[in-house]
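The values are calculated or read from the model by the stated rules, or taken from the named source; none is laboratory data. What you see is a predicted model, and the numbers here were worked out from it, not measured in a lab. Methodologically, a virtual Cβ is constructed for each residue, glycine included, from the backbone with ideal geometry; neighbour enumeration extends over all protein chains shown.
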Amino acid sequence: MVAPNPGPYTGPGTNTWIVDAGPVVAVIDPGPDDDRHLAALNKRLAQRTVGVVLVTHSHPDHLPLADRFATQHGATVRRYPDLHDGDIVRVGNLNITALYTPGHSADHLAFLLALDGALFTGDLILGQGSSMVTYPEGDVAAYLRSLERLAALQPRILFPGHWDPVPDAMAKIEEYRKHRLEREAQVLAEVQRGGGTAFELTRRVYGQLDEKLMFAAEMTMRAHLKKLVDDRAVRERGDFYEPSVT
């Protein structure tokens, strides 16, 4: 079910996934604290019993409704750090494995149905476009490691936090990995062309965007620059970035 919170960062809205587990259901990412969405969820569930409420991460379009929804249904909310990497949540006739997948956020989890090859990816991978990895919360190095972690599992289908399911999971994971590495190469090339502040480099890499998107682009630039500084490919002098001396 899609929450009524469309926007430039949420697409058509946040996906709330209802997973049939036989006698009960698991609900993943109840979404924003919105009375309309709560009413729609309750109507859709009718008399079904909610066995557990899982949350991929604590961003305001994924978490806030969780406690209120769970209280209404007598269910427990499970999320990081209550859930750790590899923890298995048994709900009804399903085993759901929590995977710690930081990068988009420091508290991000994905949820795996191993027998089905199905992954609920939250905002690590979306159905369209690219995921935001923004400074200071976003971590590009961790994000790339999380993508590699998912690829190693060889999933069949992805159920993202926004937009439609992705039936060709491996191709989408590779698309995301390639995009992030290409962006890193762009940023490094601009620094090597003469350096600049994060603001200046953002304009050179992203071109003209509206104000809200430009802010997000600059925070993405800063996340990439942090990785390049950590990798010693770029040197930081205040807010000016220049090639490292080799």
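For the reader, a short list of remarks on this structure follows.
- Helices (runs of 4 or more DSSP H) wholly inside segment 142-234 that include at least 3 residues being over 14 Å from HIS104 (Cα atoms) and of a type in the set (Asp, Glu): 169-192, 211-230
- Members of segment 27-39 that are in a strand (DSSP E or B) and surrounded by fewer than 18 Cβ atoms within 10 Å (Cβ to Cβ): none
- Tally, over segment 46-66, of residues that are surrounded by fewer than 23 Cβ atoms within 10 Å (Cβ to Cβ), part of a loop (DSSP other than H, G, I, E, B) and touching a residue at least 12 places away in the same chain (Cβ under 8 Å): 6
- Of all residue pairs spaced 6 or more apart or on separate chains, those with beta-carbon atoms under 7 Å, a first member in segment 233-246 that is under 14 Å from PHE199 (Cβ atoms) and a second member that is outside any loop (DSSP other than H, G, I, E, B) and hydroxyl-bearing (Ser, Thr, Tyr) are ASP239/THR197; PHE240/THR197.
- Residue match in segment 11-26 (condition: surrounded by 13 or more Cβ atoms within 10 Å (Cβ to Cβ), out of contact with any Pro (no Cβ under 7 Å at 6 or more places or on another chain) and in a loop (DSSP other than H, G, I, E, B)): no
- Residue list for segment 214-246, restricted to those being of a type in the set (A, V, I, L, M) and surrounded by 13 or more Cβ atoms within 10 Å (Cβ to Cβ): MET214, ALA216, ALA217, MET219, MET221, ALA223, LEU225, LEU228, VAL229, ALA233, VAL234
- LEU99 meets each of the listed conditions (1) in contact (Cβ under 8 Å) with a residue 40 or more places away in the chain; (2) aliphatic (A, V, I, L, M); (3) closer than 16 Å to ALA26 by Cα apart from (3).
- Among the residues listed as ARG193, ARG203, ARG183, ARG237, the single one being of a type in the set (D, E, K, R) and either under 30 Å from ILE18 (Cβ atoms) or at pLDDT 95 or above (or both): ARG183
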